[in-house]
Amino acid sequence: MRVEVLGGGPAGLYFGILMRKAFPDAAITVRERNRPRETFGFGVVFSDETLGFLDEADAESAAEIRARFRTWSDIRTWFEGEWTVSTGHGFSALSRVALLEILERRAAALGCELRFEDEVRDPAVFLDADLVVGCDGVNSLVRERFAESFRPKVELGRCRFSWLGSDWPIDAFTFLFVESEHGLFQAHAYPYDGERATFIVETHEEAWRAAGLDGASDAETVATCERIFAGHLGGHRLIANRSLWRRFPTVTCERWRHENLVLLGDAAHTAHFSIGSGTKLAMEDAIALVAAFRAHGSGDVPRALAAYEEARWLDVAKLQRAAQTSRRWFESSRRYRAQAPVTFTFNLMTRSKRITYDNLRARDPELVAAVDREFRRAWRAGAHAAGGADVGEDFQLGERQGVAGAVGPSGVAPSPSPFNESRSQLLETEKVEDGLPAPPPIFTPFRARGLVLRNRIVVSPMCQYSAVDGEVGDWHLVHLGSRALGGAGLVIAEMTDVTAEGRITHGCAGLYERAHVAAWKRIVDFVHRSSRAPIAIQLAHAGRKGSMLHDWSFTDRPLTAAEGAWATLAPSPVPYDPSGPPPKAMDRADMDRVREAFVRATRWADEAGFDWLELHAAHGYLLSSFLSPLANFRDDDYGGALENRMRYPLEVFRAVREAWPAAKPISVRVSASDWFEESGAGTTAAETVVFARQLGALGCDLIDVSSAGNVPESEPEFGRMYQVPFAEQIRYEAAIPVMAVGAIQGADHANTVLAAGRADLAVMARPHLADPYLTLHAAAGYGVDVEWPDPYFPAKPRRGR
Ligand SMILES: Cc1cc2nc3c(=O)[nH]c(=O)nc-3n(C[C@H](O)[C@H](O)[C@H](O)COP(=O)(O)OP(=O)(O)OC[C@H]3O[C@@H](n4cnc5c(N)ncnc54)[C@H](O)[C@@H]3O)c2cc1C
Ligand SMILES: Cc1cc2nc3c(=O)[nH]c(=O)nc-3n(C[C@H](O)[C@H](O)[C@H](O)COP(=O)(O)O)c2cc1C
């Protein structure tokens, strides 16, 4: 078998080594344009968990690599004039030159032919080999030459960075966030041998230009960066090596193979340097490719290449996602300037979501305890919310608070409650004093207007499709009642429609008939009587997503006339489901009627005793479809520019706010993005920031941040906590408290989001379907003493039992 390897970096060399081990007869030529060990970059860092794969693949080179490693376990962060140290991490690094030297020696010893100073100019000339491996790095010629097959995409990061070295003697991963006269400069530094450290400098475009670094030579880069970081370097030097300022290119390819040619490493995919995994990915690619040949034999190249791609793409995609998230964090780091150093450090540690609150707590309990204390302190000082609405105060948790309390909304005392009995000994740990251990952030209360939530876990609204003619019944009583008993800080009842035509399905809940008020009141009264959870209603109109048949496989389709279809309303006469009839484009009379229906439902919701109201302006329902240019094609004052698309939703909000008691909070659920952020074709996060600001000015207390739903073509990047970045953007840019929702998979994620300052409340839907007692279970898991419903008291976990 004749193999041509184009590029002699870690991917190519490691592939050569492993392939010769697996197929000693293979004739392998590695073509590298540079001279031996003439390379860019300084050190290469690996996190602890990445090392096992090296031992398994080739123990000889792994032993040599290990022998050259510098290892450490601390991450030190300089922010706002303070060092914060996090421990319990495991890192190893070595110089890139040393790594290449080891791999080159081993490849040559195993019989690979290494041809240095051999620049490949046309990869096509090698296609007569049995196998061609394109591993010529981030600017791959091979990838460009066969771009039609690989269909590559390159997304450039917003920051500028330069890869430098230093003789700064550090013994930990070191992040420096330094405010210069030009703006924020951040350094990612780590030791890689006894004398040297990698020192990557990253900054925002404006600061980079202001510092005169556009077009800077290596010497100028060094001089400027030495000046900016002089306070830390203490006279030590920075070193350049073709340290051009670049924007990080994230490379993705739809395919990694073309006939007998395959891409490996940076040529196929890149991962931002802030997660230090590019070399690992490149070497893992080599392992997977050789494993595919082992499995399928050297005689069936296409099959082996297909198997390689199949085996690798998911892991690579996951890592690239984490790297993108990490890159974006550094691009947005300026927004965290007001955070306390310990919070900022937690935020930094958890930025890519690979480390969560619980992970970090296991690694570094002291740091997380400090984060908890700071969270509690900030709440008590009223300093939490970006918008300032979360006014902290020292209140006694033993007393029922706010409008969900002992006096009902209409001034009538609710029926006797088991919670009227004082059980202050169980609540002692909830009354945390400054300086003492604080519970995890989810157990810190939250105030909105006259209401105090005992904790920050929220049950997300979930349609139950079990109402009859809009009227809720026993199912809803048990469903909502058990979630309230489960200890959540707030329970939001499902999407409740303000008119009959505003329902999605025949089974949707409504508040459009008088009789609906009593049905809801029964549930609200139960929740108030039996739990400390306030309960919210989510008022909605389904718009063009109405008149659907619900089935329990959750694949709804438009109702037929025989099934009782009804006419729907929307901003424009375009159906959501192309197979359905077009909705009626609303005229002014329709708009007035629907707005008044929202107002009537608001008054009735107050009468039923709800503590909180959420206006549903998400998921493609009526208000959401007014906001989205993918559903709103009007050419009057309610379509076109954002200002016009917001007009009707804001009109409805204003009317609802006026009708809702001043002491009770209102949140608005939004689809922050239609997920066409690049083209800007749909609602964008930036537009939603503008909408959120306007809502805030009109008296909205929180934005509940969801996404998508306006058109079936939206493709959300699903993943853990995937909508949190939108929530965070709105929180900081619109200066309003937010609830985050979407794949927050339990208390650990909720704490991660809250402790980092990404949201004020953590909302969970499906986790609460699986576990109504999620909050009580979380409290038991963290050893936090919270109140249990009296009848369940015997089952409450107690210390020493
Ligand atoms: C600032 C920065 C910091 C980084 N830090 C880390 C880190 O700490 N840890 C980590 O794991 N990764 C890190 N990386 C990523 C890492 O450098 C790459 O992911 C890794 O080197 C990829 O290996 P590769 O073999 O695919 O590509 P490369 O290492 O780029 O090797 C490609 C080789 O192909 C050669 N070549 C290119 N074109 C031709 C041609 N036409 N003909 C012949 N030869 C050619 C090049 O000279 C080069 O030697 C960092 C990257 C950057 C930008
Ligand atoms: C069965 C079900 C019903 C839902 N009904 C509603 C609803 O009535 N209103 C709403 O805004 N979102 C609704 N959603 C969306 C959820 O509130 C939530 O935003 C989404 O499920 C993501 O959160 P999760 O990952 O915690 O499930 C529903 C979700 C599910 C699973």
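The values are calculated or read from the model by the stated rules, or taken from the named source; none is laboratory data. If you're wondering where the values come from, they're calculated on a predicted model, not measured in any experiment. Glycine gets a Cβ as well: all are built from the backbone with ideal geometry, and neighbour counts include every protein chain shown. Keep in mind that these areas ignore ligands, DNA and RNA; they rest on the heavy atoms of the full protein, side chains included. Shrake-Rupley method; radii C 1.70, N 1.55, O 1.52, S 1.80 Å.
A few remarks follow.
- Across the stretch 51-147, C-alpha contacts under 8 Å between residues 6 or more apart give a mean separation that, scaled by the residue count, equals a relative contact order of 18 percent.
- In terms of its alpha-carbon gyration tensor, the stretch 551-695 comes out oblate; a/c meets the 1.5 threshold, while b/c is at least as large as a/b.
- Sequence ranges 83-96, 544-557, ranked by mean other-Cβ count within 10 angstrom, highest first: 83-96, 544-557
- Within straight-line cross-link reach of K521, lysines at Cα separation under 22 Å, skipping those fewer than 8 residues along the same chain: K664
- Accessible-area order (highest first, 1.4 angstrom probe) of the listed residues E366, E728: E366, E728
- Listed peptides 732-745, 633-646 appear in the order 732-745, 633-646 once ranked by packing, highest mean of other Cβ atoms within 10 Å at the front.
- Of all aspartates and glutamates in the structure, those lying under 13 Å Cα to Cα from K545, and not within fewer than 8 positions of it along the same chain, are D497, E501, D556, D577.
- At 0.890 mPa s and 25 °C, Stokes D of the stretch 488-566 from Kirkwood alpha-carbon radius, µm² per second: 177
- Within the stretch 522-629, the GluC sites (Glu not before Pro) that combine a DSSP coil assignment with at most 14 other C-beta atoms in a 10 angstrom radius are E563.
- Hull shadow area, averaged, the stretch 60-139 [alpha-carbon convex hull, nm²]: 9.2
- The residues of the chain present an accessible area of 38 Å² per residue when probed at 1.4 Å with all protein chains retained.
- In this simple spin-label model, placing a label point 7 Å from the Cα along the Cα-to-Cβ direction at both A124 and E563 gives a separation of 5.5 nm.
- Accessible area of V724 in the full protein assembly, 1.4 Å probe (Å², nearest 10): 10
- Annotation note: GluC sites (Glu not before Pro) in the stretch 184-243 located in DSSP loop regions with a Cβ neighbour count of at most 16 within 10 Å are E195.
- Folded to 0 to 90 degrees: helix 59-68 orientation relative to the chain principal axis, Cα: 80
- Scoring 231-237, 477-483, 126-132 by mean Cβ neighbours within 10 Å over their residues and listing the highest first yields 477-483, 126-132, 231-237.
- Normalising by residue count, the stretch 614-679 has a Cα convex hull of 88 Å³ per residue.
- For the chain, the alpha-carbon radius of gyration amounts to 1.06 times the rule-of-thumb value 2.2 N^0.38 Å expected for a compact globular protein.
- The distance separating the Cα centre of the stretch 764-801 from that of the stretch 501-567 comes to 29 Å.
- Carbon/sulfur fraction of accessible area - the chain, other protein chains in place, 1.4 Å, %: 51
- D by Stokes-Einstein for the stretch 113-187, Kirkwood Rh over Cα pairs, 4 °C, 1.567 mPa s: 76 µm²/s.
- Reduced Cα scattering model of the stretch 650-745, Debye log10 I(q)/I(0), q = 0.11, 0.19 Å⁻¹: -0.32, -0.88
- Each part gets one Cα centre, and for the stretch 307-334 versus the stretch 119-197 those centres are 15 Å apart.
- Tilt relative to the chain, helix 685-697 - C-alpha long axis, 0 to 90 degrees, to 10: 30
- Filtered chymotrypsin sites (Phe, Trp or Tyr not before Pro), the stretch 1-55: DSSP coil and at most 15 other beta carbons within 10 Å: F40
- The stretch 129-241, relative contact order in percent, only Cα pairs under 8 angstrom and at least six apart counted: 25
- When shorter helices are ignored and each DSSP H run of at least 4 residues is given -39500 (n - 2.57), the per-residue value for the chain at 222 nm works out to -10500 deg cm²/dmol.
- Positive dipole terminus of the chain, leading residue within Y357, A561, V724 (C-beta point charges): Y357
- Using alpha-carbon coordinates, inclination of helix 514-530 to the longest axis of the chain, degrees: 70
- Rounded to 5, percent antiparallel among DSSP beta bridges of the chain: 50
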